[in-house]
Amino acid sequence: MLITASISLHSTENRGRKSPIFFGYRPTFGMEKENSDCVILTTTEQGIFPGKSAVVDIDILHPHLLTNLKVGEAFKLLEGMKEIGTGIILSDI
């Protein structure tokens, strides 16, 4: 399932990543107590750096695991148990 979302990555100083994310990056998409793998489909060639925001398409690989997947809902981007960013669902594609 493809969605469009506004994401904000935490800065390195705020326990975020040390390097940018690029097309094909695969974090965990977390909503409350539900998680799914996902793929970030960013359009920027430079990547999205820690501390920055962008609008991206996200491919949710297991949408059946997420019961509250609606426009306007907030979510977290995780690497393991570490939260590296947040986002808001803007639309589904």
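The values are calculated or read from the model by the stated rules, or taken from the named source; none is laboratory data. Everything quoted here is computed from the prediction, not taken from an experiment. All Cβ positions, even for glycine, are placed from backbone atoms using ideal geometry, and neighbour counts span all protein chains on display. The area values use the complete protein model at the heavy-atom level, side chains included, leaving out ligands, DNA and RNA. Shrake-Rupley method; radii C 1.70, N 1.55, O 1.52, S 1.80 Å.
Worth a mention:
- Sub-6 Å Cβ pairs linking a first residue in the stretch 78-93 that is closer than 18 Å to GLY16 by Cα to a second residue that is of a type in the set (Ser, Thr, Tyr) and surrounded by 14 or more Cβ atoms within 10 Å (Cβ to Cβ), at least 6 apart or interchain, are LEU78/THR28; GLY85/SER8; THR86/SER8, ordered by first then second residue.
- Sole residue being surrounded by 14 or more Cβ atoms within 10 Å (Cβ to Cβ) and at pLDDT 95 or above, chosen from THR28, THR44: THR28
- Residue in the stretch 51-62 that is of a type outside the set (Val, Ile, Thr) and modelled with pLDDT under 95 present: no
- Complete set of residues in the stretch 76-89 that are in a strand (DSSP E or B) and not polar (S, T, N, Q): LYS76, LEU77, LEU78, GLU79, LYS82, GLU83, ILE84, GLY85, GLY87, ILE88, ILE89
- Any hit, the stretch 3-12, residues being in a helix (DSSP H, G or I) and touching a Lys or Arg at 6+ places or on another chain (Cβ under 8 Å): yes
- Subset tally (residues that are acidic (Asp, Glu) and under 11 Å from the mean Cα position of the chain (by Cα)) for the stretch 11-52: 1
- Flag if ASP92 is open to solvent by 40 Å² or more (accessible area, probe 1.4 Å), within 13 Å of the chain's Cα centre (by Cα) and of a type outside the set (A, V, I, L, M, F, W, C): no
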